[in-house]
Amino acid sequence: MSDDMYRIAELAQQGFCCSQVLVMLGLEAQGKTDPDLVRAVHGLCGGIGWSGDTCGTLTGAACVLGLYAGRGLAEETADWRLSAMLRDLVEWFTEEYGALYGGIRCETILDGSPMNKQVRCPGIIAGTWEKVNELLQGNAYELGATGG
């Protein structure tokens, strides 16, 4: 098991959802913690507020890209490459997991089985974390060592 998979499993066992796990990995790669941000992305859990809508892994990954390339202060500007990274992420996720499970909605991916959360989600989180790393590194962002 890779260090990333171990950390993903550890965070999931602590009760964090997919979007929170991805944001925590992104923060940890920066050597940071931010409980307020982790709380904020709790709203994305279970497909946006447990509605079963867009997968929290995808929305959490978008938040990680924003964490690195987005605007956070009035005197800042977002990196012009952020939109392209987000578009690439959504296209990749749709091709990778949407095609495999019939869509990118949480309820579609879980297919009515709570067991699928343990079976499918860890691999989806790990694959998406790898894609986030690839997108950031491909756009000259330094991401902390994440194991492997």
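I need every pair where a residue in the stretch 71-90 that is closer than 19 Å to G138 by Cα has its Cβ under 8 Å from the Cβ of a residue that is open to solvent by 70 Å² or more (accessible area, probe 1.4 Å) and assigned to a loop (DSSP other than H, G, I, E, B), sequence separation at least 6 or different chains.
A78/R71
Does T94 fit the bill of being in contact (Cβ under 8 Å) with a residue 60 or more places away in the chain, closer than 23 Å to I109 by Cα and either among the β-branched types (V, I, T) or in a loop (DSSP other than H, G, I, E, B) (or both)?
So T94 fails the test.
Listed here are the residues, each with its yes/no results for (1) modelled with pLDDT of 95 or more; (2) touching a Leu at 6+ places or on another chain (Cβ under 8 Å); (3) open to solvent by 30 Å² or more (accessible area, probe 1.4 Å).
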{"site": "V21", "(1), (2), (3)": "yes, yes, no"}
{"site": "I48", "(1), (2), (3)": "yes, no, yes"}
{"site": "D88", "(1), (2), (3)": "yes, yes, yes"}
{"site": "F93", "(1), (2), (3)": "yes, yes, no"}
{"site": "I109", "(1), (2), (3)": "yes, no, no"}
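Kindly list the number of the only condition in (1) open to solvent by 70 Å² or more (accessible area, probe 1.4 Å); (2) assigned to a helix (DSSP H, G or I); (3) closer than 19 Å to I124 by Cα that fails for D36.
The one condition D36 does not meet is (3).
How do the pairs read when you match residues in the stretch 133-147 that are modelled with pLDDT of 85 or more with residues anywhere that are open to solvent by less than 40 Å² (accessible area, probe 1.4 Å) and in a loop (DSSP other than H, G, I, E, B), using Cβ under 8 Å and keeping only pairs 6 or more apart or on different chains?
N133/L143; N133/T146; L136/L143; Q137/L143; N139/D79
The values are calculated or read from the model by the stated rules, or taken from the named source; none is laboratory data. Just so it is clear, the structure is predicted and the values come from calculations on it, not from any experiment. Don't worry about glycine lacking a Cβ; one is built from the backbone with ideal geometry, like all the others, and counts go over all protein chains shown. Areas reflect the complete protein model, heavy atoms only, side chains present, ligands, DNA and RNA absent. Shrake-Rupley method; radii C 1.70, N 1.55, O 1.52, S 1.80 Å.
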